[in-house]
1. Name the residue from 27, 301, 280 whose Cα lies farthest towards the positive end of the charge dipole of the chain, charges +1 on Cβ of Lys and Arg and -1 on Cβ of Asp and Glu.
2. Take the cross-link list 85/236; 153/254; 85/221 and give me the ones stretching past 32 Å between alpha-carbons.
3. For a protection proxy built on the mean count of beta-carbon atoms within 10 angstrom, sort 231-238, 278-285, 117-124 highest first, please.
4. What is the distance in Å between the Cα centroid of the range 192-250 and that of the range 93-169?
5. Report ³J(HN,Hα) in whole Hz for each residue of the range 226-243, in order, from the Karplus equation J = 6.51 cos²θ - 1.76 cosθ + 1.60 where θ = phi - 60°; Gly and Pro get x.
6. Going by alpha carbons, how many degrees (0 to 90, nearest 10) lie between the helix axis of 168-185 and the longest principal axis of the chain?
7. Taking only C-alpha pairs under 8 Å that are 6+ residues apart, what is the relative contact order of the range 219-322 in percent?
8. So what J values fall out for the range 286-294 if you push phi through Karplus, 6.51 cos²θ - 1.76 cosθ + 1.60 with θ = phi - 60°, rounded to Hz, Gly and Pro as x?
Amino acid sequence: MLWTSSAGWLPLGVGLASAAAVYGAGCLWLHRRLRHLQNILRQIRTHDFEDLAPPAAPEGDELGTLLWEVYRTGQSLEDEIQELKEMESYRREFIGNVSHELKTPIFSVQGFAETLLDGALDDESVNRTFLEKILHHANRLDNLARDLSTITKIETDELNMSGEAFSVMDLCEAALESVEMRAEERNVHPRMEIAPNLPDVYGDFDRLRRVLVNLVDNAIKYNEEGGSVWLQAEMKDGDVELRVVDNGIGIPEKHQSRLTERFYRVDKSRSRHQGGTGLGLAIVKHILGAHDRALHVDSTPGEGSIFRFSLSTRPTSSLHPA
Ligand code: ADP
């Protein structure tokens, strides 16, 4: 049919005009979304994650889905970069701490060896003392190497825990056996106070022995000569609670929440003098964490400290690498 009258052109004109308007709006909408996509990609490229804006519309068509995919990629990249930055700053801090810890014993060993070689070797009044000092600092280095190896294994997930059943008495006896020498040197005689008929507990025997050794060792180190240390165990809320109690120097409250941080010490010179590495309680925290348990401390300066944690009396499936 032929449109001959002007009235016939009108609907066609309106139709074309509205098609053009729809086309124009469509182009604008597409343009806006493509610009958004371009912006997100540019922000990802320049690591400018702070202003990363989510797409306004929910996923729908292919372009909407693509926008969300790119936005989510930006978010996960941001998380990964943040994690890498934290690891890098932790690594730097750790290396700084380790080299600081190594310096003093290495300088001391060098210094005393040089003094001996320069003539003190023939001086009966000092040669033995200097050799003892060299041995003391070599022992410090040995402790540090061991603790560093443990903490590195823990932090790289190499420390797999076993979950066997064992008696609390066996655990406490094994721990006390390991600190016997240190206790004798300091004239401290740790006493066991284990409640009768305790059920077996579940966990990694060797790692938990290490926990008790570190705690009892501290209770001896941060005590007066001849002081007292108790290793106690009793039922509490269906678990066995273990406590290492001492009547030593105690810990001011402001330090208590930071004790399990790597290399954190209340009295640095006392710790170093006693061969401490500042890693003992960090190791304890990790091992207990792998058993889903926490370390608690109650302490009063000048009166003493109580370090406590509990162990499960039921087989636990939740053991995981520290
Ligand atoms: P260190 O090798 O220095 O003993 P730890 O991580 O075992 O390191 O302990 C951290 C710090 O906590 C110690 O340097 C010490 O100041 C304090 N501390 C730990 N246990 C005791 C305790 N039983 N009494 C007093 N202070 C303690």
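1. Of the options given, the answer is 27.
2. On the way: 85/236 42 Å; 153/254 30 Å; 85/221 37 Å.
From the list (85/236; 153/254; 85/221), the Cα-Cα distance tops 32 Å for 85/236; 85/221.
3. Values: 231-238: 14.9, 278-285: 21.9, 117-124: 10.6.
For the peptides 231-238, 278-285, 117-124, the packing ranking is 278-285, 231-238, 117-124.
4. Cα centres, the range 192-250 to the range 93-169: 26 Å.
5. x, x, 10, 9, 10, 10, 10, 8, 7, 6, 8, 6, x, 10, 9, 9, 10, 10
6. Approximately 60 degrees, to the nearest ten.
7. Numbers: 181 pairs, mean separation 32.4, N = 104.
Rounded, it is 31 percent for the range 219-322.
8. 5, 5, 5, x, 5, 9, 6, 10, 10
Here, each number is a calculation from the coordinates, and none is a lab measurement. Given the structure is predicted, the values throughout are model-derived calculations rather than measurements. With ideal geometry, Cβ positions are generated from the backbone for all residues, glycine too; neighbour counts draw on all protein chains shown.
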